[in-house]
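Working notes, structure below.
The values are calculated or read from the model by the stated rules, or taken from the named source; none is laboratory data. All values derive from a computational prediction rather than experimental measurement. Cβ: placed from backbone, ideal geometry, glycine included. Neighbour counts: every protein chain shown. Just the protein is used for accessible areas: all its heavy atoms, side chains included, with ligands, DNA and RNA removed. Shrake-Rupley method; radii C 1.70, N 1.55, O 1.52, S 1.80 Å.
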Amino acid sequence: DCAAEENASLDVTGTVFELEQGLLDAQVRTNFTEVNDFLHPSYQEICRDGSLLDVSTVRTILESSGTLPETGPVQLLTARLLDTSLVLIAYRMNPANSPVLVCSSWWQQTNAGWKLRFRQETVENQA
């Protein structure tokens, strides 16, 4: 049934977007154990400054009292269930001390639930 599939897709994409918002929470982003709960073991991220993060880099940053890039309010652009185990979300984010960013995230279903596999932040072109 097409309507049932669409509702299931909305449920999954809504759940994944809530997970992304949880990962963006400022308090969560200070604790490696909490951040790691969201991350796939093969997670990679391209940050707004072009740097590359992975699980090991995030651990090093947070365990040495460093900070992850600041987050801000988000505006969802799209959320798509690409197959039964992969969701793409894209949104605008407006961090306080940064230009507006366009972010995309790929979340993958695992035995441990939905995990962030890949994320990229791009500075929005202000025309």
For Leu82, what accessible surface area do you get with a 1.4 Å probe? Give it in Å², rounded to 10. 80 Å²
For Cα pairs less than 8 Å apart in space and 6+ apart in sequence, what is the mean separation divided by the residue count of the stretch 18-127, i.e. the relative contact order in percent? 24 percent
For an R0 of 22 angstrom, estimate the FRET efficiency from the Cβ-Cβ distance between Ser51 and Gln75 and round to the nearest 0.05. 0.35
Given a 1.4 angstrom probe, what's the average accessible area per residue across the chain, in square angstrom? 58 Å²
Would you work out the charge dipole size for the chain about its Cα centre, treating the Cβ of every Lys and Arg as +1 and the Cβ of every Asp and Glu as -1, and quote it to the nearest 20 debye? 320 debye
For the full complex of protein chains and a 1.4 angstrom probe, list Asp83, Asp11 by accessible area with the highest value first. Asp11, Asp83
Determine the share of the chain's accessible area contributed by carbon and sulfur atoms, expressed in whole percent, with a 1.4 angstrom probe. 49 percent
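When the helix-only estimate is applied to the chain (DSSP H runs of n ≥ 4, each -39,500 (n - 2.57), divided by the residue count), what is the mean residue ellipticity at 222 nm, nearest 500 deg cm²/dmol? If you can, show how the numbers build up before the last one.
Details: 3 runs with 37 residues, N = 127.
So the helix-based figure for the chain works out to -9000 deg cm²/dmol.
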Distance between Cα centroids, the stretch 79-107 to the stretch 24-65: provide it in whole Å. 16 Å
Helix 2-24 versus the longest principal axis of the chain: what angle, 0 to 90°, nearest 10, using Cα atoms? 10 degrees
If exposed means no more than 14 neighbouring beta carbons inside 10 Å and the site is in a DSSP loop, what's the longest run of the chain without any exposed GluC sites (Glu not before Pro)? 1-69
